[in-house]
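Structure first, then comments.
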Amino acid sequence: GWCPLSPAGAQTTQLLVEPPWRPAVLWDWVTLTCQGLGTAGATTWYKDGQSWGPNNRDRIIVTESGNYTCDRPGSGLSPTVHVVNASPVLQVPARALLEGDSLTLRCRV
């Protein structure tokens, strides 16, 4: 399933990650999808704070570790998704977590 990384309302840009774990792990073939208001396909992507192609696509497959955000006209900049190339890595579900929530942790090697 797709999970937003921020509990923000529908009027903000969301960056969805598949598989839905964070930090995202490069060797999982991570797919990022930018969702928000405005024209579909008018997405600008950023990697480590710098403009990064392929722009004008709402969905990308990540091939490099780094910190990714996207921008959609009308709803702004998304939260950041961290993609790491590490082993071992401890992951949590890519959803909003509140104190007292039960969650599953994954140790990946």
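Site pair C107 and T31 shows an inter-label distance of 3.1 nm when each label is modelled 7 Å from Cα along Cα→Cβ. With all protein chains kept in place, the per residue accessible area of the chain amounts to 55 square angstrom at a probe of 1.4 angstrom. Got the relative contact order for segment 14-108 handy, in percent, Cα pairs under 8 Å and 6 or more residues apart? Computed value for segment 14-108: 31 percent relative contact order. Here segment 16-31 and segment 38-76 have alpha carbon centers that stand 16 Å from each other. Taking segment 19-49 and a reference point 7 angstrom along Cα→Cβ of R95, the backbone N atoms nearer than 20 Å belong to 19-25, 31-35.
Over the chain, what percent of the accessible surface lies on carbon and sulfur atoms, probe 1.4 Å?
Values: 3260 of 6010 Å².
It is 54 percent, rounded to a whole number.
At 0.36 nm per residue, and after removing the present C-alpha to C-alpha distance, how many nm does the segment from L77 to E64 gain when stretched out fully? Present the calculation step by step, with values, prior to reporting the outcome.
Details: separation 13, 0.36 × 13 = 4.68 nm, distance 2.04 nm.
Additional length available on full extension: 2.6 nm.
The values are calculated or read from the model by the stated rules, or taken from the named source; none is laboratory data. Predicted, not measured: the structure shown is a model, and the values here were computed from it. Cβ: placed from backbone, ideal geometry, glycine included. Neighbour counts: every protein chain shown. Accessible surface areas use protein heavy atoms only, side chains included; no ligands, DNA or RNA. Shrake-Rupley method; radii C 1.70, N 1.55, O 1.52, S 1.80 Å.
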